[in-house]
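Notes to accompany the following structure.
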Amino acid sequence: MTSISNGSLEMASLNVSSPDEMTELMEMTDEVSSLTLATQIFVGTFLSAIIILAVSGNILVCVAVLTDRNLRKIGNLYIVSLSFADMTLAGAVMTFALTNDLLEYWPFGAQFCDVWIAFDVLCSTASILNLCAISLDRYIHIKDPLRYGRLVTRRVVTLSIAAIWLMAVLVSFVPISLDLHRPPGRSAEPVDERGLPQCALDLTPLYAVVSSCISFYVPCVVMLAIYSRLYLYAKRHVESIKALTKPVMLGTIDGVAPPPACNRCHVSEGKAATTVGIIVGVFLVCYVPFFCVNIVAAFCKTCVPRLAFQTLSWFGYSNSSFNPIIYSIFNVEFREAFVRIFGKVRGAFVRLCQRAGVPTRPRQPSQCKSVSSMTRLSTGAVVVDLEVTTSERVTAI
């Protein structure tokens, strides 16, 4: 999104009545444009890849939950809601943002500009609030698994998802449709120095602070607190398993110490730290810079360069591409569902090629051995069961 400049839109300057005027407008746009053709191609290709990844990844998550029985869990409704928000953000917001940034002006009209901004705020807010709900759901599931089924029912999840989207609508469409987000006296149809229409956030300080707190800062604090408690809980759980396995590690057989039974505890603890670090780190890197700059730009209109604001906006957009990877690839059931979906797609493609007479290479039988059979420990079944339980609890983070 570009920075707002003062002034009103001279619609007559955009009414092209002859091919000569169209050519003159295009030449003026090319002369003032700050992006070379090579830069436009590179940026357009890179950002298009982000959009395609966001759309395809979130569609894959939704298909996996709808088609796989193992994934039809109540808690996964938050994942579906998150994927829908990210998919809508990619399709209804990022595509027009790419056009706006490459052309360096808004060609879709002033009325659609407000709709586009409203969808931007709506989907971003819904995505972040869904991330917060997912963290809370995982905390209850790990901290109190026995009461999870009574606390997190289908009705509770449905009402909480409805509340998330209602909050997102109240932050986005309601104030923007009432023109409460724009400073008084500012034109709803701004232009740049070329006389070309622009579309960007021109927020009042009050709306910028309130919307940023609801959309990001409050959910961010909640997520950090929850994931910190989850990591500390997983660490204490792993340490308790280590304490239980110490007596087994003290003995020797024929003067040779057996392999430590708690190596997997160290692996589980490291995996918990890595998982929590990736989840929180990607979220903060994508959103913190933009929401800080968003508030600064509301108080000081000329303090944030246009290119910097555009870049940080795409940092926030890119989180919609990372969410399907982070919140699905760490889950074994999602990975297995993805493999089955790709297998079905491959089978359908092979059958289509066979019908068309195209030769296909036969599939080689898998020669992979079972990992679980090779990782049995000789220190007793009790220790193995304890470690498996620890790994499952930590992996659930």
Using beta carbons and a limit of 9 Å, which pairs, at least six apart or on different chains, have the first residue in segment 163-179 and assigned to a helix (DSSP H, G or I) and the second one open to solvent by 80 Å² or more (accessible area, probe 1.4 Å)?
V174/L180
Residue in segment 199-216 that is charged (D, E, K, R), in a helix (DSSP H, G or I) and open to solvent by less than 20 Å² (accessible area, probe 1.4 Å) present
no
Here are some residues: I128, I134. Which one is open to solvent by less than 10 Å² (accessible area, probe 1.4 Å), farther than 29 Å from V43 by Cβ, in contact (Cβ under 8 Å) with a residue 12 or more places away in the chain and β-branched (V, I, T)?
I134
Among residues of segment 98-108 being open to solvent by less than 50 Å² (accessible area, probe 1.4 Å), out of contact with any helix residue (DSSP H, G or I) (no Cβ under 7 Å at 6 or more places or on another chain) and in contact (Cβ under 8 Å) with a residue 40 or more places away in the chain, the residue nearest to V55 (Cα to Cα) is N100
Screening I74, I41 for residues that are under 22 Å from the mean Cα position of the chain (by Cα), at pLDDT 90 or above and open to solvent by 50 Å² or more (accessible area, probe 1.4 Å) leaves only I74
Residue list for segment 334-357, restricted to those being more than 19 Å from V276 (Cα to Cα) and surrounded by 14 or more Cβ atoms within 10 Å (Cβ to Cβ):
E336, A337, F338, I341, V350
May I ask you to list the residues in segment 109-125 that are open to solvent by 30 Å² or more (accessible area, probe 1.4 Å) and farther than 23 Å from L159 by Cα?
G109, A110, Q111, F112, D114, V115
I'd like the full set of residues that are surrounded by 16 or more Cβ atoms within 10 Å (Cβ to Cβ), polar (S, T, N, Q) and modelled with pLDDT under 70, limited to segment 260-293.
S268
Counting only residues that are of a type in the set (D, E, K, R) and closer than 14 Å to F96 by Cβ, which one in segment 112-138 is nearest to the chain's Cα centre (by Cα)?
D120
Taking segment 297-315 as the search range and keeping residues that are under 14 Å from V43 (Cα atoms), open to solvent by 60 Å² or more (accessible area, probe 1.4 Å) and of a type in the set (A, V, I, L, M, F, W, C), which one is modelled with the highest pLDDT?
F315
Here are V156, V169: which of them is more than 19 Å from T88 (Cα to Cα) and of a type in the set (A, V, I, L, M, F, W, C)?
V156
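Let's see how each residue does on (1) of a type in the set (F, W, Y); (2) out of contact with any helix residue (DSSP H, G or I) (no Cβ under 9 Å at 6 or more places or on another chain); (3) within 30 Å of C292 (Cβ to Cβ):
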| site | (1), (2), (3) |
| --- | --- |
| F309 | yes, no, yes |
| N319 | no, no, yes |
| N323 | no, no, yes |
| I326 | no, no, yes |
| N331 | no, no, no |
| E336 | no, no, no |
| R340 | no, no, no |
| G343 | no, yes, no |
| A348 | no, yes, no |
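The values are calculated or read from the model by the stated rules, or taken from the named source; none is laboratory data. Just so we're clear, the structure is a prediction, and the values are computed from it rather than from any experiment. All Cβ positions, glycine included, derive from the backbone under ideal geometry; neighbour counts span all protein chains shown. Side chains are part of the model used for accessible areas, which takes the heavy atoms of the whole protein and leaves out ligands, DNA and RNA. Shrake-Rupley method; radii C 1.70, N 1.55, O 1.52, S 1.80 Å.
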